[in-house]
Structure formats: C-alpha cells, structure tokens
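The values are calculated or read from the model by the stated rules, or taken from the named source; none is laboratory data. Predicted model only: the values in this text are computed from it and were never measured. Cβ placement follows ideal geometry from the backbone for every residue including glycine, while neighbour counts extend to all protein chains displayed. To get the accessible areas, we keep the full protein, side chains included, count just its heavy atoms, and leave off ligands, DNA and RNA. Shrake-Rupley method; radii C 1.70, N 1.55, O 1.52, S 1.80 Å.
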Amino acid sequence: MRRTLKNRTCAVILAGTLIAGCQAGTAWADMAEPFPMTGTERAAVVEPAPVMETDGTGETTKESGGETLENIALTRLENDGIAAVKTDGVEAGADQFSTKVTYQTYDPDENAAAHLPETVEVNGETYHVLEWKTPLVVSKEATRPRTMSYESEVFTGDEAEHMPEQEVTGEDGLNYVLQSKTLNMQTTKERSEYKETTVSYKGVEAGVQIQDKKEIEFQDTDTGQTVKAPLNLVSQTVKKEYWDDTFQFDITIHGYDADILVLNGKEIPKDSDLMDYKDDLLAILHLDPSAYRISSIDLQPVEGESDTSTATAYGSKLVRDIDAVYSGTVTLPSISGKTWSCLYEEKIPDEEQTIYTMSVTVSYEKGDGTAQSKSLFERVKDAVVGFITAAYQAAAAAFEEHPVITSIPVILAAAFIAFLITRKVRNRCIYNGEMKCLYKKHNKDICKSCPHYRQRNSV
C-alpha cells in the first residue's frame with residue numbers, strides 16, 4: 001500500500017509539472033542566454049532600446065506662382081525602418097551580445113532580417129547578426145497623410161476656366177488629392193524681372209552694325225499680358241558667312257557725248273570698258289573690295305540726243321548670319337485678378353495605411369558573418385532545443401490570450417497520464433512488483449492466500 005501511495009504521488013507531481021511547465025518553459029526560454037557559453041567565452045546583455053515614435057507626417061508646400069519649397073520627408077518609417085542597435089553596454093572584447101531593438105514597418109509579418117543591421121561596430125570590432133526571436137507588435141497607428149499647399153498664379157476672367165486639378169503628382173513623386181480650394185481676389189504689384197532673348201539676323205553685310213538696343217515683346221507668365229520692353233545687346237555670334245549673288249547697283253554717266261569721261265577723279269576714254277574700273281566704282285560707293293565683287297556691267301544705249309547714259313553693275317557680296325543676345329531687367333505692370341488657394345492631401349497606398357512598431361531580441365556575434373560549419377551533434381542539439389523552445393513559446397502565447405480555454409486540455413492530459421500510471425500500479429502485485437495481481441484486487445484476506453504473500457520476506 002505504501003508503494004501504491006508513492007506511485008500515485010509521483011503521478012500527481014508529474015501532472016502538476018506538465019501544467020506548470022507550459023508556463024515555466026517559455027519563461028526559461030526568454031530568460032536563458034540564446035547560446036550557452038562556456039570556458040573563457042564572455043557575453044554582454046544590452047539594455048532594451050527605447051521604442052521609436054513618429055507622427056508619420058510630412059509636408060510639401062508651394063508659394064504663389066507654383067514654386068516648390070521643401071519636401072520635409074519622403075518616408076514615415078523611423079530611420080527608414082532600420083532598427084537602431086544600442087551598444088553602449090557591450091563589454092569590450094565580448095564574443096556575443098544580445099539586445100532588444102525596435103523598428104517600424106508597414107507589414108508586421110515581414111521578416112525581421114530586412115530591418116536589422118547585418119553588422120555593427122562595437123569598440124572597433126565588427127559583430128554580425130547571429131539570431132533573432134519572433135518579433136512582437138509594440139504599437140500600431142494609422143498613417144497620417146502628408147499635405148501640400150498650393151496657390152495658383154493670378155488670373156483674370158472666369159474662374160471656371162482656371163479650376164485646380166483634382167489629383168496631382170508632387171515633385172516627391174507622390175499622388176495628392178484636392179481637399180479644399182478658396183478663391184481669392186488679388187492685385188499684383190509691379191515687379192522687376194530679368195529677361196533674355198536671342199534675335200537672329202540673316203544676310204548682314206560687311207560694315208553693318210547690329211542694333212545695340214532692341215524693343216522686345218514677350219508674355220508675362222504670371223498675368224498672361226503681352227509686354228514690350230527695350231533690352232540691351234550683350235553678345236553676338238556669327239553662325240554663317242557666305243557670298244550672296246544679289247549684289248547690284250546703278251551707274252549714271254553724264255556728258256556721254258564727250259570724248260573723255262572723269263571717273264573717281266580719273267580721265268578715261270569714252271569707249272573704255274567699265275569693268276576695267278570696277279574698283280573705282282566700289283570706291284565711289286565706299287565699299288570694301290574684299291567684301292564686294294563686280295562680275296558684269298550692263299551698259300544701256302543712249303536714247304535720242306541725250307548726253308546721259310546709264311548702266312547696271314552685277315556681282316556678289318560677303319554676308320553673315322548673326323545671333324544676337326539681348327537682356328536686361330524690365331518692370332512688369334500690376335494686375336487685378338484672382339487666385340486659387342488649394343490644400344491637397346496625400347493618397348496613401350492601401351499597403352501603407354498602418355505603421356507597426358515592432359520589438360525583437362537579436363543576438364550578435366563577433367566576426368564578419370562568414371559561415372562556420374557545425375558538427376552533426378551540434379546541429380541535432382540546436383534543432384531539439386529550438387523545437388522545445390518554440391513549443392513552450394507557442395503554449396505560453398496561447399495561455400496568455402485564452403488562459404481558461406488553454407488550461408482545460410492541459411489538465412485533461414495530465415489527469416489521463418495519472419490515470420494510466422495508477423491503473424498500471426493497481427494491476428501489480430503489492431508484494432512482487434514484477435508480477436500482475438492474480439486476483440486483480442487487493443484485499444487482506446485474499447492476499448494471505450497468495451503465494452507471493454508468503455514469500456514477501458524471502459528477498
């Protein structure tokens with residue numbers, strides 16, 4: 001009977017241990033070092049990093065005329081979603097260290113590896129990621145959209161023809177949707193603005209000067225008005241130089257009935273060929289022979305008794321095509337008109353509607369991360385330890401979420417094991433544990449007739 005009581009006690013203790021183990025196991029797994037270290041190895045545990053917080057906002061603003069100012073933020077995730085590893089408490093020369101870090105993500109199921117620095121520098125030494133536990137959600141918040149303010153240019157006429165667009169793309173590449181608009185009356189002031197334009201001149205003859213000031217007509221981009229203003233010549237460039245065959249001029253000869261004619265102070269015979277005196281003809285016109293050429297002279301016949309004769313000279317001239325640049329500061333007139341003041345809000349993609357702050361315990365090991373081979377025993381041991389730890393963690397998580405429901409199957413399992421053990425003990429002879437009871441019932445009168453009762457003191 002004493003042995004039966006002892007076995008029943010063991011069964012109860014076993015059942016209680018099973019129930020408590022589901023809770024104690026996960027606590028042990030969290031408290032224990034991820035990797036046992038022996039001998040001269042040293043490990044340092046760093047205090048948890050603070051939870052990162054962000055309001056998830058950023059603004060893009062525009063001033064009158066549509067000039068972009070600044071894009072405050074292109075990402076809402078703190079540190080671009082990469083965890084910041086604090087290493088202040090790591091002991092110099094430690095072979096490994098563990099720390100709890102936080103990071104932000106749009107997907108809580110995303111692999112934590114995407115948010116962990118592969119290597120960190122501690123006291124001049126490099127450590128690489130060795131292992132991390134299952135990330136836990138610390139907090140989550142709805143993504144707050146960025147806003148963009150915009151004021152249109154001053155316009156005149158019907159505002160319906162200048163309505164702002166319902167959806168625009170900002171210079172940050174994001175899509176924005178119009179939330180509100182306000183029509184304002186506005187009078188622009190006189191403004192000073194730098195203007196520059198290029199004027200092309202074709203077929204400019206030698207000695208001809210380009211205008212040093214020219215009145216230019218242009219459109220005021222803010223008001224749409226056409227404005228005229230004088231601009232000064234600042235530079236000119238010869239784009240092309242060539243001979244133009246359209247050069248010609250008329251010649252009039254007086255006293256044609258005389259025997260001697262006077263040309264540019266020279267006396268020439270009446271019947272002389274004028275082509276022999278083409279340079280003198282160019283000199284009378286003050287033209288440079290290097291830029292003008294006479295190829296023929298057509299002498300017209302004298303009509304009636306007139307002593308006057310005419311001729312036409314034909315040839316070519318050297319001309320240039322010139323691009324002239326004019327610039328200067330001009331005053332633009334004021335105008336009374338209207339503007340639209342608009343507020344746009346970012347159109348957030350569905351997959352970025354929520355920002356999750358995650359916490360994870362990560363272990364780093366000294367080295368550059370080069371893979372090291374393990375023995376078969378170490379691989380089997382790691383697999384077994386990992387399986388047991390994962391089982392305990394899963395049971396603890398289930399108990400934390402539904403403690404009553406989770407406890408019922410555990411208690412039933414423990415009771416069933418205790419029943420099997422005690423039943424097996426009841427079927428054993430209390431005087432010879434290696435034999436089954438011949439009568440399947442323990443009773444003082446029955447046991448006295450059992451041969452094992454009489455042999456109970458023989459051992």
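For the reader, a short list of remarks on this structure follows.
- Odd one out for Ile251, checked against (1) under 60 Å from the mean Cα position of the chain (by Cα); (2) within 30 Å of Val204 (Cβ to Cβ): (1)
- Given (1) open to solvent by less than 30 Å² (accessible area, probe 1.4 Å); (2) within 27 Å of Pro349 (Cβ to Cβ), index of the condition Leu136 fails: (1)
- Residues (modelled with pLDDT of 90 or more, open to solvent by 70 Å² or more (accessible area, probe 1.4 Å), touching an Asp or Glu at 6+ places or on another chain (Cβ under 8 Å) and under 18 Å from Gly328 (Cβ atoms)) located in region 195-233: Thr198, Pro230, Asn232
- Ser149 open to solvent by less than 70 Å² (accessible area, probe 1.4 Å), hydroxyl-bearing (Ser, Thr, Tyr) and touching a Cys at 6+ places or on another chain (Cβ under 9 Å): yes
Rundown of residues vs (1) part of a loop (DSSP other than H, G, I, E, B); (2) touching a residue at least 24 places away in the same chain (Cβ under 8 Å); (3) among the polar types (S, T, N, Q), yes/no style:
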position: Pro164; (1), (2), (3): yes, yes, no
position: Val168; (1), (2), (3): no, yes, no
position: Asp172; (1), (2), (3): yes, yes, no
position: Tyr176; (1), (2), (3): no, yes, no
position: Ser180; (1), (2), (3): no, yes, yes
position: Gln186; (1), (2), (3): no, yes, yes
position: Glu193; (1), (2), (3): no, yes, no
position: Thr198; (1), (2), (3): no, yes, yes
position: Val208; (1), (2), (3): yes, no, no
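- Subset of region 292-341 [out of contact with any Ser or Thr (no Cβ under 6 Å at 6 or more places or on another chain), of a type in the set (D, E, K, R) and closer than 21 Å to Leu261 by Cβ]: Glu303, Glu305, Asp307
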